[in-house]
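Please read the structure below before turning to the comments.
We did not get these values from a lab; they are worked out from the coordinates using the rules stated. Remember, predicted model here, so these are calculated numbers, not experimental data. Neighbour counts run over all protein chains shown; Cβ positions are idealised from the backbone, glycine included.
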Amino acid sequence: MRNRARMMIPLLAAGLLAAACTGGGGTPAPSASAPQSQGAAASANPDQLPRNETLYTTGTQWGPPGNYNPIREWDSAVGTKGLVYETLFHYDTNAAKLTPWLAESGSWTDDSTYELKIRQGIKWSDGQPFTAKDVAFSFELGKMETIPYHQLWDWLESAEAVDDQTVKFTFSKANYQQWDYMLYSRSMVPEHLWKDRSEEEVLDGVNENPVGTGAYTFMSRDQDRVVLQRRDDWWGKSVLNMEPKPRYIVDIATPPATRSRWACCCSRGSTSATTSCPAWPTWSRATSG
């Protein structure tokens, strides 16, 4: 049960972002430098968040959050991948195709070369620009033998930042389907903060101060929850015309009593409507008012 729940975390994060965002319509997005929104976020008390601006979730974090490391997709805190760190593409399951995200476009220029263009104007949450060097670096981390996508380098020969917006990938063998998977599954990390980390730090580091390109940052962490805070300067507001509605997202670790009841039900294999097993936890969207 625990493993199944952990596998669902990246999907939950993507779902949270989709649920949290709506098209901007005719209302202009607030300026990233607006003092009112920045001041409200800075002074918020994580224990007293406004209910009409807060989305509560639960059901995938089955214990205290262990790390905020996007390389560790199997046990990082909810929201690490998807809300804080982002990927180059998303996979549209309905259309069975890649949808550009951090990337603006990507294509095979010949049988062994893939050229990727990233969007302009994206910034990390510390204010530094997101560039092609960050993309090349994120993939080059896979050269470390313990990194989960190390086998990529059995058929990828090089990842080169041609300019600030262009990355050229050269392959010894073009595994098209596997490469598509890499494009929508690998989180991008900032070279300026990760370049001096050892292999052990890259794989096993807690990453206490996550800096991503995503719509949220971690506001606070505790034994039973993490609180994410909206970035009002998130690039997607203007480029994708998407506005995250909840200012705060609180993910609460599933209580031990609920875990034990689910374990009991699963061990019995019961699907009876009369069995007193709890319903799968769901999240509710904050309503305006």
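Of the cross-linked pairs Lys81/Lys245; Lys81/Lys173; Lys81/Lys195, those separated by over 23 Å at the C-alpha level are Lys81/Lys173. Local charge for Glu86 was computed over the other residues whose Cβ lies under 13 Å away, with Lys and Arg +1 and Asp and Glu -1, and equals +4.
Placing pseudo-labels 7 Å out from each Cα toward the beta carbon at Lys168 and His150 gives an inter-label distance of 2.9 nm. Straight Cα distances below 16 angstrom link Lys117 to the aspartates and glutamates Glu86, Glu104, Asp134, Glu160, Asp163, Asp164, Asp180, with same-chain residues fewer than 8 positions distant left out.
Site pair Gln128 and Trp108 shows an inter-label distance of 3.4 nm when each label is modelled 7 Å from Cα along Cα→Cβ.
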